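In what follows, a single structure is set out as structure tokens and then discussed.
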Amino acid sequence: MVRTIVVGCSNGVDLGRSIARRLGVPFSPLLTQRFPDGELKIKFSVPLGKRHIILVQTLHPPNEELMELVFAIHTAKELGAKVTAVVPYMAYLRQDRRFHPGECKSNSIAAGLLSAADCVVTIDPHLHRVKHLKEIFHKPVITLSANSLIATFIKKHYHKEIIIGPDEESYQWANRIAEQVKAHAVVLKKKRFGSRKVSIKIKGDVDIKGKTVVIVDDIISSGHTMMETIKECRRLGAKRVICITVHGIFAEDALRKIRKLGATVHATNTVQNDVADIDVAGIIADSLR
Ligand code: R5P
């Protein structure tokens, strides 16, 4: 029988440990070293030959973490392992087309690099123009969703609130979560003018006056989408606003800015942050059994 070992890259130690515990297999952290010039060296401290190595690395921050993961995948493959790369948050997917002449399509470049693994597992990848990750990966990709975990969290901590999706892309999350919570879903209309400027408007006749709303989105990055959605909900008289995201990146102090608007914020632990109270380790482990 092939022995399975979970290896936590530097941004996947806690989740990796938890996945290993659930699978009942050993855990080993990847060793990393920096040279004076900043170059990275990685080292496995377990034998790799004829093993199944589950590498865990989330890609926020995205750059050095991606390089570390690519080095780890290639090294494990060279040393004879079967490699599954677990990437709870997959960065670069929003750059899914050449928006201006001469730009790179980062999503397919990143996917090409990670396709050195035998299989990739990720959670709620941001899919817009690319409809499925198999369009850009050359190897099998398992895409999981945190929808049920979020729905269970809402049922446990809140009542049958109105579920709000900030834009058409969030329809898939808002609608499925609302179905499970047995609540009403409302999807708003977003216009993006730049990475830090969006406008959000409610469509049609929606009564949220005096109610509690739960805004759900796949990613909170700069937080502008969430902040404009909170303001729109408040303008329409919402009494209490809860924000839940799968991937809480919270760039540029976004968590503090969102909280300053009086909203309560929750996220899953695909990215480490102060509000990561929805644990995805169980769904990842289940997908690997
Ligand atoms: C985009 O369509 C996504 O679903 C999120 O709404 C977006 O990435 C959030 O970005 P930000 O927090 O920077 O507004």
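The values are calculated or read from the model by the stated rules, or taken from the named source; none is laboratory data. No experiment lies behind these values; they were computed from the predicted model shown. Counting neighbours? That spans all protein chains shown, and the Cβs are built from the backbone with ideal geometry, glycine included. Just so you know, the surface numbers come from the protein's heavy atoms only, side chains and all, with ligands and any DNA or RNA stripped out. Shrake-Rupley method; radii C 1.70, N 1.55, O 1.52, S 1.80 Å.
Here are a few things to note about the model shown:
- Out of L127, L30, L113, sole residue that is open to solvent by 10 Å² or more (accessible area, probe 1.4 Å), touching a residue at least 40 places away in the same chain (Cβ under 8 Å) and within 30 Å of D167 (Cβ to Cβ): L113
- Lone qualifier among T225, T245 - being in a helix (DSSP H, G or I), near the ligand (Cβ under 9 Å from one of its atoms) and of a type in the set (V, I, T): T225
- Filtering segment 248-279 to residues that are more than 13 Å from the ligand (Cβ to nearest atom) and buried (at least 24 other Cβ atoms within 10 Å of the Cβ) leaves T268, T270.
- Any hit, segment 92-105, residues being of a type in the set (F, W, Y), away from the ligand (no atom under 16 Å from the Cβ), open to solvent by 30 Å² or more (accessible area, probe 1.4 Å) and in the same structural domain as S18 (by TED's automatic domain parsing): no
- Residues located in segment 47-81, provided they are more than 16 Å from the chain's Cα centre (by Cα) and of a type in the set (S, T, N, Q): T75
- Residues that are open to solvent by 100 Å² or more (accessible area, probe 1.4 Å) and under 23 Å from the mean Cα position of the chain (by Cα), drawn from segment 191-206: K191, R192, R196, K197
- S108 open to solvent by less than 70 Å² (accessible area, probe 1.4 Å), hydroxyl-bearing (S, T, Y), closer than 18 Å to V280 by Cβ and not in a strand (DSSP E or B): no
- Which listed residue is within 22 Å of A251 (Cα to Cα) and assigned to a loop (DSSP other than H, G, I, E, B), from L66, L127: L127
- Some residue of segment 173-181 being more than 21 Å from F153 (Cα to Cα), outside the structural domain of M90 (by TED's automatic domain parsing) and more than 15 Å from the ligand (Cβ to nearest atom): no
- The conditions of being within 21 Å of the chain's Cα centre (by Cα) and in contact (Cβ under 8 Å) with a residue 24 or more places away in the chain are not met by E232.
- When L288 is tested against the conditions (1) open to solvent by less than 40 Å² (accessible area, probe 1.4 Å); (2) in contact with a helix residue (DSSP H, G or I) (Cβ under 7 Å, 6 or more places away or on another chain); (3) free of Cβ contacts under 8 Å to residues at least 24 places away in the same chain, the lone failure is (3).
- P62 over 23 Å from D286 (Cβ atoms), crowded, with 16+ Cβ neighbours inside 10 Å and modelled with pLDDT of 95 or more: yes
- Selection status of L15, in contact (Cβ under 8 Å) with a residue 24 or more places away in the chain and part of a strand (DSSP E or B): no
- Test: residue in segment 228-236 that is away from the ligand (no atom under 15 Å from the Cβ), assigned by TED's automatic domain parsing to the domain that holds K209, touching a Ser or Thr at 6+ places or on another chain (Cβ under 9 Å) and not acidic (D, E): no
- When segment 155-172 is filtered for residues that are open to solvent by 90 Å² or more (accessible area, probe 1.4 Å), more than 11 Å from the ligand (Cβ to nearest atom) and not in a loop (DSSP other than H, G, I, E, B), the ones remaining, listed by number, are K155, K156, H157.
- When P140 is tested against the conditions (1) surrounded by 14 or more Cβ atoms within 10 Å (Cβ to Cβ); (2) closer than 24 Å to A254 by Cα, the lone failure is (2).
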